[in-house]
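To keep things clear, I will list the structure first and then write my remarks on it.
Since every read-out is calculated from the coordinates, none of them should be taken as a lab result. Since we're looking at a predicted model, the values are computed, not measured. Cβ sites come from the backbone with ideal geometry, for glycine too, and all protein chains shown count toward neighbours.
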Amino acid sequence: MARILITGGAGFLGSHLCDRFIAEGDDVICMDNFITGSPDNISHLFGNPKFTFIHHDVTNYVYVDGKLDYILHFASPASPIDYLKLPIQTLKVGSLGTHKTLGLAKAKNARFLLASTSEVYGDPMIHPQQEEYWGNVNCVGFRGVYDEAKRFAEAMTMAYHRYHGVDTRIVRIFNTFGPRMRLNDGRAIPAFVSQAIAGEPMTVFGDGKQTRSVCYVDDLIEGIRRLLLSDINEPINIGNPNELSMLELALEIKVLLGSNSEIVFRELPEDDPKVRQPDITKAQKFLGWEPIIERREGLMKTIEYFKAKIAQ
């Protein structure tokens, strides 16, 4: 049984991690300031003796009493609507927050796992993206606040590993979806689903030919857990390599919902990646991991969650 700190634990991914590790019999400390996370995501865990919640901003000094075996740093705005609205907070949690939590890992002799992102590859010049690719990022563009926060966080994590000997892991997360995403978080699947349910026009940016590779949340959580328990210090891609265009995704959701919504096209946001597809060779080789949940199955579970939220 391990004792685990999860920063950003009330967020979409963080709350699923809380559930998974508690189910494994571990003690989980969830730390969040609710800047983008929600108490609703963890309300079912209050009263569970294996769950502790600390309301705290990790860009300030972080202290947790007692031993810690693992620290998973997932605190950060993660959707464009969030990090464009909260640019300074996004930069601070990637820099100061990573520094503070790495310092805690060093003090507690705890293994540290950083939630990084496929956004470190920017608008990629190679396809699919493998971990050795250095990326194509506009550091002064609007999206740079997120991309560079995560790139800095990776550099800081590796510096603590090399200089202080902290046992670290880095997961590069590709587009993930599932229950507990926010309806208004600005990402494609919540937007398409909520628009289609309401019978509103479904908004596709650009010509809709830009691609993403979407991974259901349960698959991602399994990959993260395997990485945490592995001995790999270098960044590892975790995502579903099944690539599709944004227009294809919108049409698929429209059909699943039996919606009459029309599809409308809007201008492509600045520096929006044209392609995104993980090379998961390392995850397959070193973690024995690959996604197993079909996109349709994951979309149906996500749709049911959104229907229930809208009904509330």
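Rounded to the nearest 20 debye, the dipole size of the chain about its Cα centre is 540 debye, using +1 on the Cβ of Lys and Arg and -1 on the Cβ of Asp and Glu. Basic side chains Lys and Arg get +1 at the Cβ, acidic Asp and Glu get -1 at the Cβ, and with that the dipole of region 72-168 about its Cα centre reaches some 500 debye.
Note on region 103-122 and region 17-45: Cα centroid distance 18 Å, given to the nearest whole angstrom.
Taking Cβ atoms as reference points and 13 Å as the exclusive limit, the residues near Met246 contribute a net charge of +2, counting Lys and Arg as +1 and Asp and Glu as -1. Using the Cβ of Arg111 as centre and a radius below 14 Å, the other residues enclosed give a net charge of +3, where K and R count +1 and D and E count -1. Near the amide H of Ile170, within less than 5 Å, lie the amide hydrogens of Leu114, Ile236, all on another chain or at least 5 residues away, with H placed in the peptide plane. In terms of surrounding Cβ atoms within a 10 Å radius of their Cβ, Val64, Val58 rank from fewest to most as Val64, Val58. With both residues required to sit in the chain, DSSP beta bridges show an antiparallel share near 10%.
What is the percent of Cα-Cα separations in region 154-269 that go past 25 Å? Result for the distance tail: 38 percent. Considering only Ile197, Ala159, Ile173, the residue lying farthest towards the positive end of the dipole of region 159-312 is Ala159, judged by Cα position with unit charges set on Cβ. Gyration tensor analysis over the Cα atoms of region 221-269 returns equivalent ellipsoid semi-axes of 36, 15, 8 Å (largest first, whole Å). Start at zero, step by 10 Å, and the Cα-Cα distances of region 1-99 spread as 17, 51, 27, 5 percent across the bins. Computed from backbone phi, the HN-Hα couplings of region 29-35 come to 10, 9, 10, 7, 10, 6, 5 Hz, rounded to whole numbers (Karplus: 6.51 cos²θ - 1.76 cosθ + 1.60, θ = phi - 60°; Gly and Pro given as x).
In this structure, the amide hydrogen of Ile54, modeled 1.01 Å from its nitrogen in the peptide plane, lies closer than 5 angstrom to those of Cys30, Met31, Asp32, counting only residues at least 5 positions away or on a different chain. About the centre of its Cα atoms, region 180-312 shows a dipole size close to 300 debye [charges on the beta carbon of Lys, Arg (+1) and Asp, Glu (-1) only; nearest 20 debye]. The GluC sites (Glu not before Pro) found in region 241-312 that occupy coil by DSSP, while having at most 14 further C-beta atoms within 10 Å, are Glu262, Glu267, Glu270, Glu294. Cα centroid separation, region 152-172 to region 221-280: 26 Å.
Beta bridges from DSSP with both residues in region 15-151: antiparallel share about 0 percent, rounded to the nearest 5.
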